[in-house]
Amino acid sequence: MVPIPMGGRARAGGAGDVYAACMPSPGTVVSVINYKGGVGKTTLAANIGAEVARRGRRVLLVDLDPQASLTFSFYRPREWEQRLADSSTILQWFGSVLDAGTPDPLHKYVLTPPAVNEIIARHGPGQLDLVASHLELVDVDLDFAAALGGSRFQRGSPRYLRLHRALADALEDPQFQAYDVILVDCPPNFTMVTRTGIVASEHILVPAKPDYLSTLGIDYLRRKISELVSDYNRVVGPAGTQINPTILGVVLTMIQYGSGGPINAQRNYIAQPSSIEVPVFQQGIRENKTLFGPTGEEGIPAVLTPNANPTVQYELQQLASEFLAKIRI
Ligand SMILES: Nc1ncnc2c1ncn2[C@@H]1O[C@H](COP(=O)(O)OP(=O)(O)OP(=O)(O)O)[C@@H](O)[C@H]1O
Ligand SMILES: [Mg+2]
């Protein structure tokens, strides 16, 4: 891990607001989530993260998915197995959360993937870090359920808040104030691990393919998030820290273009999120099986891959600009 200097962004403040100008603020935490699998969550987390870092920002990616695709976007499986799996992934950190004592500081698990950072360093002071995942994270939900005293996450359990807030609390560590953006790649489900991501987030980004199932799930996801938020805030009570993650927007991915724009079969689905009044990013990402396929350069997201399709790279860059504007950094 490359050490990150302390300091971070100053809070926005008016001229002369010396206190505000000196106070470091934590990075903006955004969870990338959709129930539907294979819609581009991991691809967008990796590419937005890499592009924002290329522009000189400090970005942390947190891989909460037991499939560990985000982790394997930056490390070869063999390297992961030999160097990271036993002691340097979020599995060990969640283990420490579930132990009765004080959890390990999460910053102990931060990695700096080399290949992508070599490219980022050519452009400026940005950095892209990663908390890696583990295939056995799939079992952690059972441990969470046991710790909460039942499979339905009993709200009366005194451990409810501590476990739901685990990631949020960990990210309050001053070490994380050096990041401008923290992107959390969630699995395609709503298990306890995913819930820790949502509770820690200011915003939710929802990638969706323009097809029936991907867009159908958006309304359901919105309801589930709002149920979690109201349950959580009720348990915290008015005196506690309430949460209010907002849906930053739906990003349409894998759009297929014909000569006159997106193909007919996808047009209705592209309009679908707006029709249920969910914000939608103006910039979508077209389908490109070469750039996002297995021939992609190892350890380097498409947006930074040298000599890659310029149209898709342009779309990813525009998406990153829109993302930064929406989170106001
Ligand atoms: N714009 C695109 N064009 C073509 N293929 C793409 C595009 N975006 C992503 N893919 C490919 O689609 C597959 C699924 O993408 P990705 O892993 O990002 O989805 P996901 O939502 O994270 O999936 P999961 O729910 O399994 O975590 C991957 O093989 C990825 O390389
Ligand atoms: Mg994924």
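Every read-out reported here was derived from the displayed coordinates using simple, explicitly stated rules and does not represent laboratory data. What you are looking at is a predicted structure, and each value in this text was computed from that prediction instead of being measured. Backbone-built Cβ (ideal geometry, glycine too); neighbour counts: all protein chains shown.
Let me have the 222 nm mean residue ellipticity of the chain computed from DSSP H runs of 4+ only, each contributing -39500 (n - 2.57), with the sum over all residues rounded to the nearest 500.
Helix contribution divided over all residues of the chain: -11500 deg cm²/dmol.
Show the residues, 5+ positions off or on another chain, whose built amide H is closer than 5 Å to the amide H of Gln127.
Arg57, Arg58, Val59
Hand me the tally of lysine pairs in the chain: alpha carbons under 27 angstrom apart, and the pair either on different chains or 8 or more positions apart.
13
When the label point is put 7 Å from the Cα of Arg122 along its Cα-to-beta-carbon vector, which residues of the range 265-309 have a backbone N closer than 11 Å?
Residues 304-307 fall inside that zone.
Return the sequence-ordered ³J(HN,Hα) values of the range 76-82 in whole Hz as given by the Karplus equation 6.51 cos²θ - 1.76 cosθ + 1.60 applied to θ = phi - 60°, using x for Gly and Pro.
Rounded to whole hertz, the list is 5, x, 5, 5, 4, 5, 7.
For the range 18-327, what are Rg and Dmax over the alpha carbons, in angstrom?
When restricted to the Cα atoms of the range 18-327, Rg and Dmax are 19.1, 61 Å.
Could you give the longest part of the chain that holds none of the trypsin sites (Lys or Arg not before Pro) found in DSSP loops with at most 13 neighbouring Cβ atoms within 10 Å?
12-151
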